[in-house]
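Just below is one structure, and these are the notes that go with it.
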Amino acid sequence: MNIKRFVGRTTRDALALLREALGVDAVVLSTKPCADGVEVLAMAPDTMQQIERMSAQPAVQPKPAAKAAAAATEVKDDVEQLSMSTLSFQDYVRNRMLKRREAAMQAEAAQAKSAEPAVEPEMSPLQARLAARMSAPAPITPPILREEIRAGADIPMPSLADADHAARSRRDQQDMMNELRSMKGLIEERFGALAFMEKLQRQPGQARLTQKLLDCGFSPALIRKLAASLSPETVDESAWAASVLERNLLTNEAQAALEDQGGVYALIGSTGVGKTTSTAKLAAAFATKYGAANLGLVTLDAYRVGAHEQLRTYGRILGVPVHTAHDRASLEDLLDLLAAKKMVLIDTAGMAQRDSRTRELLDMLGHRSIQKLLVVNAAAQGETIEDVLISYRATLAKGVILSKMDEAVKLGPALDALIRHKLAVVGVANGQRVPEDWHRLSSHALVHRALRPTAGTAYRLDASDMNLIFAAPQSHAVAPTTLHA
Ligand SMILES: Nc1nc2c(ncn2[C@@H]2O[C@H](COP(=O)(O)OP(=O)(O)OP(=O)(O)O)[C@@H](O)[C@H]2O)c(=O)[nH]1
Ligand SMILES: [Mg+2]
């Protein structure tokens, strides 16, 4: 094929070069800008005729001479058109072939008409349509076995791109759901806070009480219960709350004091809470009343260097020998030995509430005659006290000794935990002095002390802080508390 390329500064220049090389009948295939100006691709006229001959072969051949003449004229017309356009070569050939096929079909139709027998009666339009329908081949429709099969066949197989798109849209949907869920939580939270604040505004007594109890270190779980049961008619909400707390704080006031009851007591608790000091205080209180001869002292704190010396020193002052037990068997032997004593006190080694040895200690104290007294630091955080009560299985103990009362700025957290776990306060220690700083306090005295106003500090809450604390939905609260109003 003889296709040539001509480059000129402008289209006019390129066409001039083309005409010079291939003559005026040349076929322009394309014109496009290039680095040197305009590029024109063109074909010699004889090449065009060759292509036409090749493409016209399957078609019905009209008379060759007439055909050549007609083709030449058509091509000439097209060339004139093409030289002014940028039609691609393929488009040109396709158009030419279409034109050619149309011409051939028209010629065939004309021939058939002239060849029809004259005797054939003329058909009406309706007859002609019927005849055409009968002679036409019947359309081939594939057999349909089941409707759903056809339906399935209509569905195109998903491509990899489709699967990717589906996964992406699923992800988007999931993201949107998560977004909606978090918005729902936020709205619930805000409405919860608004509802609570609105309730507090409607009942200023509740608001005052809530703020006061929060200031005293009581837990939101207990405060909610109290505030919810406060009647709008209550004039002095603080007095009402104090009376409810007193009724719910166990101190076994009806029972005799420990030193009067006698028995075998083991003092357990976390490190440094005052177990040994409290043992000494209790021993001194007993010895003063019933004499040192009726008292037995045992220490399990044998493995810490010099630890048992602390109790031995107190024993020497009281005139009571201190025995050491290393394991459960030796402890049981000692208890047999001291069976005649009215009171036996067992001092134990302090362990962090989460120490695995705490369980071993509790097992060692499994003897049925031993009653456990859990020593709790009244100055510790509410959450720590809670943890200690659980780890030391406080509910199995006879009661709790609240130590270091003198160090506690707020008594609320300790009393709150004891109320919620229904534990009795059997003694309190409010200083290091033995035996002076040992007392038995009533629930009234303890609650009064807990509700005493605290000095304004950075930790003091104001009315707006309550919004933050009570904004969380009720389901987040700690285990429900039963209060006897
Ligand atoms: N302020 C104050 N200090 C106390 C009180 N009770 C004990 N302490 C002091 O707390 C420190 C620890 O007391 P311990 O009796 O040794 O405590 P513990 O629980 O036996 O300690 P471990 O045996 O080491 O676990 C000592 O300095 C005591 O004087 C109290 O009620 N108030
Ligand atoms: Mg000790």
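The values are calculated or read from the model by the stated rules, or taken from the named source; none is laboratory data. None of these values were measured; they are calculated from a predicted model. Because the Cβ atoms are built from the backbone with ideal geometry, glycine has one as well, and the counts that use them run over all protein chains shown. To get the accessible areas, we keep the full protein, side chains included, count just its heavy atoms, and leave off ligands, DNA and RNA. Shrake-Rupley method; radii C 1.70, N 1.55, O 1.52, S 1.80 Å.
Before moving on, here are some points about what is shown:
- For peptides 270-282, 204-216, sequence by mean Cβ density within 10 Å, most packed first: 270-282, 204-216
- Here the Kirkwood formula, the inverse mean of 1/r across different C-alpha pairs, assigns the stretch 309-405 a hydrodynamic radius of 15.0 Å.
- Using the 1.4 Å probe convention, the accessible area of the stretch 252-441 works out to 43 Å² per residue with neighbouring protein chains retained.
- Gap separating the Cα centres of the stretch 358-419 and the stretch 291-315, nearest whole Å: 21 Å
- Coordinate range of the alpha-carbon atoms in the stretch 338-462 per principal axis, descending: 54, 33, 25 Å.
- Proximity of backbone amide H atoms, modeled 1.01 Å from N, is registered between Leu338 and no other residue at under 5 Å, excluding neighbours fewer than 5 places apart on the same chain.
- Put simply, the amide H of Glu39, placed in the peptide plane, has neighbours under 5 Å in Lys32, Cys34, leaving out anything fewer than 5 places away on its chain.
- Length available on full extension from Ile317 to Ala293: 0.36 nm per residue minus the Cα-Cα distance, which gives 7.3 nm.
- Ordering of 95-104, 335-344, 383-392 by packing is 383-392, 335-344, 95-104, highest average first (other Cβ atoms within 10 Å, averaged per residue).
- Sulfur and carbon atoms: percent of accessible area, the stretch 1-46 [1.4 Å]: 50 percent
- Computed over protein heavy atoms with a 1.4 Å probe, the carbon and sulfur contribution to the accessible area of the stretch 252-441 reaches 50%.
- Quotient of C-alpha Rg and 2.2 N^0.38 Å, computed over the stretch 252-441: 0.95
- Unsatisfied cross-links (Cα-Cα over 28 Å) in the set Lys225/Lys410; Lys212/Lys398; Lys342/Lys410; Lys341/Lys398; Lys184/Lys422; Lys341/Lys372: Lys212/Lys398; Lys342/Lys410; Lys184/Lys422
- Mean Cβ neighbour count within 10 Å, used as a protection proxy, ranking 227-236, 178-187, 315-324 highest first: 315-324, 227-236, 178-187
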